[in-house]
Amino acid sequence: GEGAGDHIRDAKVAALKSILPPTLDDCVLGQYDGYLDDPTISNKESNTPTFAAVMLKINNPRWAGVPIILKAGKALNERKAEMRIQFKDAPAGTFLFDTDTPPPRNELVIRLQPKEAIYMKTNVKAPGFATHPIQTELEVNYDSRFKNFSSREANPDAYTRLILDVLRNKQAAFVRDDELIASWKIFTPLLHKIEEGDSKPIIYQPGGRGPKEADEFIKEKCDFKRNEDYVYHGPTKGIAKRNSHKDLSKL
């Protein structure tokens, strides 16, 4: 409605102003092996990170106690952009599925690229007479769901939508100056610490998930439990690896 763009951006700025600037203890920095061999890198002792996992905390009543994890890197095993919300352990999950450990946590995943989709990772009873849980997903995939539209009609290019918003005088999707300033205030102290050489990045091998310390950090400090047996294969194909009953009961 009228004024929605300002209301949305006001709320974004209020949330950003509630975020405490992270310290070096709130992040894991990495640099892929071979980065310094690039001929364009003049400083062969550079501590420039090519990977970062950062935990943020929003200091307001709505988000108190909820860790926000930002993770990005180069030379990883896949290229994607997504938002992932992991829910708490399901009450009585061990009783429901008759297992010794809680079933994997449910997750809402909003994948921006590639192949835009929204899916919920959830637990169902394994097929057959078994009672142990297996994780799969309920999803809406734009490429397969909207078959009556061409790819461009179902999901226009990002800048096409922004140009249309300009023509319609809609500003909600654009970054306002105070939002940009608030964002830089969050990360500038950490960036200065990195530039001063107070932290050396962890060397990791290209083609993987990044430093193993990042997964440990996210698990221990952010209480994020990753189901390593789950593999997403695309529309209607993502299921947990078919292991033995004993292995599946430990998901």
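The values are calculated or read from the model by the stated rules, or taken from the named source; none is laboratory data. In this text, all values refer to a predicted model and were calculated from it rather than measured experimentally. Because the Cβ atoms are built from the backbone with ideal geometry, glycine has one as well, and the counts that use them run over all protein chains shown. Quick note on the areas: whole protein, heavy atoms, side chains included, nothing else; ligands and nucleic acids left out. Shrake-Rupley method; radii C 1.70, N 1.55, O 1.52, S 1.80 Å.
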(Q) Go through (1) closer than 30 Å to Leu20 by Cβ; (2) buried (at least 17 other Cβ atoms within 10 Å of the Cβ) for His132 and report which single condition fails. (A) (1)
Q: Would you check which residues across the range 58-75 are open to solvent by 70 Å² or more (accessible area, probe 1.4 Å) and modelled with pLDDT of 95 or more and list them?
A: Leu70, Lys71, Lys74
Q: Please state which one of Leu112, Leu108, Leu16 is in contact (Cβ under 8 Å) with a residue 40 or more places away in the chain and open to solvent by 30 Å² or more (accessible area, probe 1.4 Å).
A: Leu16
Q) Given the structure, is Thr40 of a type in the set (S, T, N, Q) and exposed (fewer than 12 other Cβ atoms within 10 Å of the Cβ)? A) yes
Q. If you go through the range 208-226, how many residues are more than 17 Å from Pro49 (Cβ to Cβ) and under 15 Å from the mean Cα position of the chain (by Cα)?
A. 6
(Q) Could you list, ordered by first residue, the pairs with Cβ atoms under 7 Å in which the first is in the range 20-35 and more than 17 Å from Asp223 (Cβ to Cβ) and open to solvent by 50 Å² or more (accessible area, probe 1.4 Å) and the second is outside any loop (DSSP other than H, G, I, E, B) and of a type in the set (Val, Ile, Thr), at least 6 apart or interchain? (A) Pro21/Ile186; Asp33/Ile203
Q) Where in the range 97-146 are there strands (runs of 3 or more DSSP E), lying wholly inside it, with at least 1 residues that are at pLDDT 85 or above and over 15 Å from the mean Cα position of the chain (by Cα)? A) 117-125, 133-141
Q | Pairs with Cβ under 9 Å, 6+ apart, first in the range 40-64 and without any contact (Cβ under 8 Å) to a residue 12 or more places away in the chain, second among the hydrophobic types (A, V, I, L, M, F, W, C) and part of a strand (DSSP E or B) | A | Ala64/Ile58
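In the range 69-80, is there at least one residue being out of contact with any Phe, Trp or Tyr (no Cβ under 7 Å at 6 or more places or on another chain), among the acidic types (Asp, Glu) and closer than 29 Å to Gln205 by Cα? Even if it seems obvious, please write down each step before you answer.
Kept after step one, since they are out of contact with any Phe, Trp or Tyr (no Cβ under 7 Å at 6 or more places or on another chain), are these residues of the range 69-80: 70-72, 76-80.
Those left that are additionally among the acidic types (Asp, Glu): 78.
Okay, now just the ones that are also closer than 29 Å to Gln205 by Cα, so 78.
Yes.
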Q.
Exactly one condition in (1) in a helix (DSSP H, G or I); (2) under 28 Å from Tyr119 (Cβ atoms); (3) open to solvent by 80 Å² or more (accessible area, probe 1.4 Å) is false for Ala11; which is it?
A. (3)
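Return yes when Glu78 is open to solvent by 30 Å² or more (accessible area, probe 1.4 Å), touching a Lys or Arg at 6+ places or on another chain (Cβ under 6 Å) and within 23 Å of Gln135 (Cα to Cα) and no when it is not.
Numbers: open to solvent by 30 Å² or more (accessible area, probe 1.4 Å): yes; touching a Lys or Arg at 6+ places or on another chain (Cβ under 6 Å): no; within 23 Å of Gln135 (Cα to Cα): yes.
Here the answer is no, as Glu78 does not meet what is asked.
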Q. Of all residues in the range 176-222 being loosely packed, with under 13 Cβ neighbours inside 10 Å and at positive phi, which is modelled with the highest pLDDT?
A. Gly207
